[in-house]
Amino acid sequence: MQPLPILQREEIPDEVLRNWPISHLREILIEMGKQCNVRCSMCYQTDFSPATRTAEIIWKERLLPAFPHAETLTISGGEPTILPGARELLKTVTTNYRHLKLHTVTNGILFRGIWEEAFLAQGASINFSLNAVNPDLYAKVVQFGRQQEVISNIERMVERRNATGAALKLRISSVILDETIHEMPDFIQWAADHGLDEVLFLTDFLRGIRKHSVEDVRKYIFRAYDVVDRNPPVDGVSAG
């Protein structure tokens, strides 16, 4: 497959964009629904029900012509591991489109079985939304979460990835809140100690950080950078 030239938006006529050849498609992202098995304190969703599941016709029929041309497929939720359609999509991809590299974001509670095998075989990245490593803090942020099961699943994925040599990037992420900002250094250290590749910190633009002074926020960030400098195995720490 020949790489496509990189074009700027202003270089592409509107008529071409409206009739963009499917053979040019390289990345597919499918939101399979908003259904979720936890309730995170910062979650913006208002509906977590099965009624939000994506119509099967989209990925069973409409997107089928795109799969042979794409290089990556991102499966998102809600929580993908509890969505029946997402599991069916995984079976389709691992059976018929083995060239597709898979990405997903998961709370990690049920990341096993077909998810584990599919991502060891075709995975590009998994982002485990861990949000906190301290058990008490995790319980405050992730209602209905089961942290020990998540940690066990992460540890098993790291072990199997390393044993098989799978080209799979493993990441943990946390949304920075008043309740969690002080844990940034510990979060990075936990990732390094457990063989993770990356750490991602996200911000809550609606709530922001209101209970900490600017000086305290800087102190937590400086400490986090110090942990990064002492742990080169963690390739990347980024904020979004």
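None of the figures in this text is laboratory data; all of them are computed from the coordinates on show. Note that the structure is a prediction, hence the values are computed from the model and not measured. With ideal geometry, Cβ positions are generated from the backbone for all residues, glycine too; neighbour counts draw on all protein chains shown.
A few remarks follow.
- Residue separation of residue 179 and residue 148 scaled by 0.36 nm, minus their Cα-Cα distance, works out to 9.1 nm of gained length.
- 5 angstrom amide H check on residue 202, placed H, neighbours 5+ away: 174, 175, 176, 240
- For the range 82-99, Karplus couplings with θ = phi - 60° (6.51, -1.76, 1.60), whole Hz, Gly/Pro x: 9, 8, x, x, 5, 5, 5, 4, 4, 4, 4, 5, 6, 8, 10, 9, 6, 7
- Close amide H partners of residue 101, meaning residues 5 or more places away or on another chain with modelled amide H under 5 Å apart, are 72, 73.
- Using Cβ point charges alone (K and R +1, D and E -1), the dipole size of the chain about the Cα centre works out to roughly 440 debye.
- Positive-pole candidate from 170, 96, 38, dipole of the range 31-239, charges at beta carbon: 96
- With Cα atoms, 0 to 90° folded angle of helix 147-164 axis to the chain main axis: 60
- Candidates 200, 180, 28 compared by Cα position along the dipole of the chain: farthest toward the positive end lies 28, with charges placed on Cβ.
- Lys pairs, the chain - Cα-Cα below 23 angstrom, 8 or more residues apart or on other chains: 11
- Cut-off 18 Å, label 7 Å out along Cα→Cβ of residue 66, residues of the range 86-116 by amide N: 86-94, 96-105
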